[in-house]
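Take a look at the structure below.
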Amino acid sequence: MIATLPPGVPDLRARPSWRSKKSRLMTLLMAAAVVAVAIPLVAVLYSVIEHGAAIVFRAFPDFFTKEIPVVSRRAGPGMGPAILGTLLVTGTATLIAVPLGVLGAVFLHEYGGHGAFARVVRFMATVMTGVPSIVMGLFVYLTWTLHFGYSAFGGALALACLMLPVVIGSTEQMLRLVPAHMREAAYALGATKSRTILTVVLPAALPGIVSGSLLAVARAAGETAPLLFAVGAATAYNPHLFTEANTALSVQIFGNATSTAFVAAHDRAWGAALTLVMLTFLLTLTARVFTARFALKK
Amino acid sequence: MATHITTPWLIATMAALGLTTACGKKPEESKATGGSGGTTTTTPGGPVTLNASGATFQKAFQEVATEAFTKISSGTKINYSGGGSGKGRQDFADQVVDFACTDAPYKDADAAKVKGGEFFYIPNVLGAITVSYHADVDKLQLSAPTLAKIFQREIKKWNDPAIAADNPGAKLPATDIVVVHRSDGSGTTENFTKYLDLASAGAWKLKSGSTVEWSPDTQAGNGNGGVAQIVKSTAGAIGYVDLSDAKASGLPYAAIKNQNGKYVEPTAAATSAAGDGIEVKDNLIFSALDAKGDAAYPITAQSWCLIYAKQTDKTKGTALKAYFRYLVTDGQKLLPEIDFAPIPNSLQDKAVAQIDKVQVP
Amino acid sequence: MIDLRGKVQHADTAFRWIALAAAATVLVVLGLIAFTMTDRSLPVLERMGLRFFTSSRWSAPEGEFGAAAFIFGTLYTATIAVVIAVPVSLGVALFITQAAPPWLKKPMVYMIDLLAVVPSVVFGLWGAFVLSQHFGLGRSFLTAGIILAIMIIPIITSLAREVIETTPNTDKEAALALGATRWEMIRAAVLPHSKGGIVGAVMLGLGRAMGETIAAALVIGSALGQISANPFKPGNSMPAVIANEWGEADELHKSALIALAVTLFVITIVVNLAATAIVQRSMRRSRGG
């Protein structure tokens with residue numbers, strides 16, 4: 001029931017139009033911000049596809065399987081070794097960082113609690129997330145490459161160091177979401193702590209751990225600086241982990257784009273960029289879908 | 001519990017990742033582009049991979065030489081990763097690579113730190129460093145003192161009297177000069193600045209090194225290609241670029257005044273002429289910069305590859321000797337196509353003699 | 001009855017020790033980094049002393065290494081990046097949480113995720129070829145700042161979003177019930193509550209911008225000794241210098257570059273720690289009441 005006001009009395013029910021207008025303006029600005037973020041994403045993707053699609057899809061799947069031309073000024077596809085290198089280095093880094101990270105997070109959350117040691121480790125893990133990637137690269141160069149030469153493993157070590165604190169952080173978050181009653185039920189049935197963790201807690205947190213790790217992997221696959229110091233620059237396939245120099249997509253992009261003036265090299269750089277972007281997007285989307293479908297929610 | 005739902009998905013994801021890795025492992029023959037006929041022999045001692053790093057100046061030569069050498073000695077893979085002369089010298093001293101190439105010899109203090117014992121310098125390429133520019137000037141001529149003053153930002157405009165003195169009768173625009181140099185450490189920078197040190201009669205003050213203290217109002221590019229890119233896209237720019245990249249970018253370059261007072265362009269003939277007038281030490285170290293001779297291009301740089309006198313691995317040692325010998329004999333024929341110049345014949349003979357001294361177990 | 005308790009106990013304890021060792025690797029790695037890198041920076045610090053941080057002369061042939069210009073460049077480009085990124089990130093975070101229709105929320109979150117995952121080298125490639133060449137922006141503090149801004153927007157947005165979402169509904173509804181417009185509700189309920197967390201998120205973004213190597217190296221201009229407030233001038237940053245000059249550096253020069261890395265490390269750690277402390281405190285406070 002809307003009463004009518006006697007004449008002369010101001011209607012305080014309606015808002016002054018300038019307040020509504022201001023609110024609408026701010027909403028518009030926020031929407032503009034979203035557009036401002038979409039623009040570079042679309043622009044970068046457009047450039048990468050525009051310059052890279054030709055070489056990647058022209059003689060599909062040559063680009064993914066042929067070797068990198070030894071003579072960089074010659075036109076021709078081939079980033080196969082770089083793709084293998086990226087997969088090898090990133091895969092090994094994952095095999096190192098994920099088990100270590102998950103176990104470390106398990107310790108912090110299930111055993112360490114608020115004890116001094118756990119607090120120090122958590123603190124240091126936070127510190128470690130902030131280490132610039134080039135510092136990791138130099139560190140691996142000084143400790144590994146100088147003694148053992150260039151290899152895919154050196155690169156994997158550097159990436160593992162970058163991934164470890166991220167995996168620890170996201171795993172701990174997931175472990176926190178596992179309801180206490182699940183653990184208590186297991187204890188009540190007589191399970192030891194380790195058995196509870198391995199058979200009850202971890203499986204429950206697993207989807208979240210997997211998606212968190214996939215995101216860490218996606219970031220690691222795109223790293224360039226640490227690999228420059230540890231991996232070398234092969235042009236031929238090198239499936240060996242510990243011996244001989246290798247290469248990776250990110251390193252190839254950097255090298256081909258910057259050092260030479262030859263169009264053929266630039267083409268390959270864009271093609272490698274497209275490949276790398278496709279790979280990292282695939283990993284990220286998989287991670288998100290995983291979380292959405294399977295993970296424990298807050 | 002979610003285990004029964006997630007496990008199949010997990011297995012699927014891991015399998016997918018595993019499959020992609022396995023597929024990636026399928027090696028294919030590298031595309032045969034161009035090519036010399038000739039007999040293919042397998043590498044004596046079996047397949048071998050040689051890792052190397054060092055001067056980007058000779059990267060192009062290493063690339064074509066590797067490609068050609070692999071055809072005549074299949075089974076030898078050579079990975080030349082560049083990274084700079086300094087890196088090459090360091091990697092060689094630390095024995096992280098099988099051989100390295102450098103535009104400049106070791107400093108005495110660093111030579112003492114080489115871990116593998118006695119080693120040889122094997123010269124294998126001469127190359128011209130051009131002074132490329134982007135200005136409305138036809139057939140620019142420059143002398144070393146003028147060059148020094150330009151790159152030190154004492155001369156700031158294209159119509160400066162010093163430039164006019166080098167180019168009598170030419171019409172010079174009144175635009176600003178934009179100096180472009182390398183952002184990354186570089187043997188090319190080192191040789192260019194060394195030339196200015198030698199030939200500018202004291203005008204050059206920034207000394208010589210792989211990086212020098214360029215004035216803040218200059219531009220820097222990454223690699224020869226980076227500098228070429230900037231010169232090409234910036235009106236009034238001038239920069240030092242190796243001949244290969246200058247030609248690939250379609251840049252005009254200046255004729256430089258040599259010791260004999262002649263203005264010489266960086267042609268293949270002029271680069272070789274610079275090689276003819278050099279004094280070579282016993283260990284094959286020399287400098288082709290500011291060479292004597294009417295036809296010599298004064299900013300000619302040289303590059304060596306390093307090899308240990310006593311090899312420890314039989315297969316690698318044999319392959320190394322064969323590759324090095326190829327570099328200084330048949331491989332020299334590949335140089336003109338990539339805009340470098342071969343070393344003089346007398347020097348080739350000395351280089352071969354040096355390589356023969358390398359002992360393989 | 002066989003008493004299995006002993007064996008089971010051993011396995012249980014063993015697991016605990018394995019997990020502890022895994023956690024301890026963090027300490028081991030950090031310790032090694034700190035030790036090896038500080039050790040290798042000593043030569044240049046002995047030679048230059050405090051001048052390493054105050055002088056802006058960087059001349060390798062003379063053995064003169066003053067990092068002031070690079071420290072300035074790192075801080076300056078990171079500041080530019082933050083100045084650009086903060087309003088945009090806040091706008092996006094607020095839009096996603098307060099103003100977006102539900103069907104739009106998930107795609108926008110995906111979009112932010114994708115932006116976060118584009119490798120920095122691809123941004124660098126785009127920046128060098130498209131932004132600086134094609135659009136003629138050239139290479140300068142500003143171009144680097146723009147690229148860095150694009151790279152840190154996802155971090156700031158995600159964190160800000162998390163913090164904003166913890167705003168108690170009661171506060172928001174109270175403001176609306178009193179007749180506030182959406183913007184007024186945000187100002188009255190959301191922002192005061194999230195202030196601390198947002199500041200923390202911004203500082204984390206700052207830390208990330210300072211450590212970025214490749215993208216910056218390709219577009220910053222690589223000038224030496226440039227300390228200037230003019231954003232259009234070419235400059236340099238610590239990670240870019242390290243990446244660019246490492247290949248040709250001799251022993252002393254390498255020591256200088258490692259000293260740069262240590263300086264960068266310390267600065268980013270300080271910023272990151274301050275940020276994390278602020279974020280954690282504000283989250284704790286919000287959950288508590």
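For this structure, a couple of remarks:
- Enumeration of residues in the stretch C:108-130 that are within 18 Å of A:H51 (Cβ to Cβ) and open to solvent by 30 Å² or more (accessible area, probe 1.4 Å): C:F129
- Count - residues of the stretch C:236-260 that are surrounded by fewer than 24 Cβ atoms within 10 Å (Cβ to Cβ) and within 18 Å of the chain's Cα centre (by Cα): 0
- Flag if C:R208 is charged (D, E, K, R), open to solvent by 10 Å² or more (accessible area, probe 1.4 Å) and under 23 Å from the mean Cα position of the chain (by Cα): yes
- Taken over the stretch A:202-217, the criterion of being within 12 Å of chain C (Cβ to nearest Cβ) and modelled with pLDDT of 85 or more is satisfied by A:L202, A:L214, A:A216, A:V217.
- For the stretch C:146-200, the set of residues classified as among the hydroxyl-bearing types (S, T, Y), under 29 Å from C:A274 (Cβ atoms) and surrounded by fewer than 24 Cβ atoms within 10 Å (Cβ to Cβ) consists of C:S158, C:T166, C:T167, listed by residue number.
- Criterion (over 30 Å from A:G255 (Cα atoms) and out of contact with any strand residue (DSSP E or B) (no Cβ under 6 Å at 6 or more places or on another chain)) met by exactly one of A:A218, A:A186: A:A186
- Every residue from the stretch B:71-90 that is away from chain C (no Cβ under 14 Å) and closer than 22 Å to A:V231 by Cβ: B:T76, B:K77, B:I78, B:N79
- C:A100 closer than 21 Å to A:V44 by Cβ, out of contact with any Lys or Arg (no Cβ under 7 Å at 6 or more places or on another chain) and assigned by TED's automatic domain parsing to the domain that holds C:A189: no
- Residue within the stretch A:152-160 that is touching an Asp or Glu at 6+ places or on another chain (Cβ under 6 Å) and small (G, A, S) present: no
- The listed residues are B:L334, B:L327, and the only one of them that is hydrophobic (A, V, I, L, M, F, W, C) and open to solvent by 40 Å² or more (accessible area, probe 1.4 Å) turns out to be B:L334.
- Single residue of the stretch B:177-211 satisfying the filter (at the interface with chain C (Cβ under 7 Å from one of its Cβ atoms) and free of Cβ contacts under 8 Å to residues at least 24 places away in the same chain) that is most open to solvent (accessible area, probe 1.4 Å): B:K207
- Failed condition for A:E184, given (1) within 11 Å of another protein chain (Cβ to nearest Cβ); (2) farther than 28 Å from A:T90 by Cβ; (3) open to solvent by 20 Å² or more (accessible area, probe 1.4 Å): (1)
- Selected residue (only one of C:T74, C:T97, C:T13 is of a type in the set (S, T, Y), assigned to a helix (DSSP H, G or I) and under 23 Å from A:T129 (Cα atoms)): C:T74
- Residue match in the stretch B:118-126 (condition: closer than 30 Å to B:K310 by Cβ and assigned to a loop (DSSP other than H, G, I, E, B)): yes
- Of residues in the stretch C:241-274 being touching a Phe, Trp or Tyr at 6+ places or on another chain (Cβ under 8 Å) and small (G, A, S), the one farthest from C:P61 (Cα to Cα): C:A259
- Within the stretch C:102-126, residues that are more than 7 Å from chain A (Cβ to nearest Cβ) have Cβ atoms under 7 Å from residues that are of a type in the set (K, R) in no pair, counting only partners at least 6 apart in sequence or on another chain.
- Some residue of the stretch B:218-235 being farther than 30 Å from C:F232 by Cβ, open to solvent by 20 Å² or more (accessible area, probe 1.4 Å) and in a helix (DSSP H, G or I): no
- Subset tally (residues that are open to solvent by less than 50 Å² (accessible area, probe 1.4 Å) and out of contact with any Asp or Glu (no Cβ under 7 Å at 6 or more places or on another chain)) for the stretch C:87-107: 14
- Of all residues making up the stretch B:303-326, the number that are assigned to a helix (DSSP H, G or I) and either more than 21 Å from B:L284 (Cβ to Cβ) or among the hydroxyl-bearing types (S, T, Y) (or both): 7
- Scanning the stretch B:150-176 for residues that are open to solvent by 70 Å² or more (accessible area, probe 1.4 Å) and either in a helix (DSSP H, G or I) or of a type in the set (A, V, I, L, M, F, W, C) (or both) yields a total of 2.
- Filter result for B:T130 (crowded, with 21+ Cβ neighbours inside 10 Å, under 19 Å from B:K262 (Cβ atoms) and free of Cβ contacts under 8 Å to residues at least 40 places away in the same chain): no
- Whichever residue in the stretch C:16-58 is among the aromatic types (F, W, Y) and in a helix (DSSP H, G or I) and, among such residues, is farthest from the other protein chains (Cβ to nearest Cβ): C:F53
- Condition met for B:Y308 (at pLDDT 90 or above and either farther than 19 Å from B:V97 by Cβ or more than 23 Å from the chain's Cα centre (by Cα) (or both)): no
- Of the residues making up the stretch A:71-116, just one is over 20 Å from the mean Cα position of the chain (by Cα), modelled with pLDDT of 85 or more and away from chain C (no Cβ under 12 Å), namely A:A116.
Conditions (1) away from chain C (no Cβ under 14 Å); (2) of a type in the set (K, R); (3) open to solvent by 10 Å² or more (accessible area, probe 1.4 Å), marked per residue:
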residue	(1), (2), (3)
B:F92	no, no, no
B:F99	yes, no, no
B:T102	no, no, no
B:K107	no, yes, yes
B:A112	no, no, yes
B:F120	yes, no, yes
B:P123	yes, no, no
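- Selection within the stretch C:218-239: residues that are among the small types (G, A, S) and more than 8 Å from every other protein chain (Cβ to nearest Cβ). The member of this set that is nearest to C:F70 (Cα to Cα) is C:S237.
- Residue count for the stretch A:155-168 satisfying the condition of being open to solvent by 40 Å² or more (accessible area, probe 1.4 Å) and either within 15 Å of A:A105 (Cβ to Cβ) or not in a helix (DSSP H, G or I) (or both): 1.
- B:A228 being over 30 Å from B:W304 (Cβ atoms) and not hydroxyl-bearing (S, T, Y): no
- Among the residues making up the stretch C:66-85, those that are open to solvent by 10 Å² or more (accessible area, probe 1.4 Å), away from chain B (no Cβ under 12 Å) and more than 12 Å from the chain's Cα centre (by Cα) are C:A68, C:I71, C:Y76, C:I80, C:V83, C:I84.
The values are calculated or read from the model by the stated rules, or taken from the named source; none is laboratory data. None of these values were measured; they are calculated from a predicted model. Virtual Cβ from ideal backbone geometry, glycine too; neighbours counted across all protein chains shown. Ligands, DNA and RNA are stripped out before the accessible areas are found, and what is left, the full protein with its side chains, is counted by its heavy atoms. Shrake-Rupley method; radii C 1.70, N 1.55, O 1.52, S 1.80 Å.
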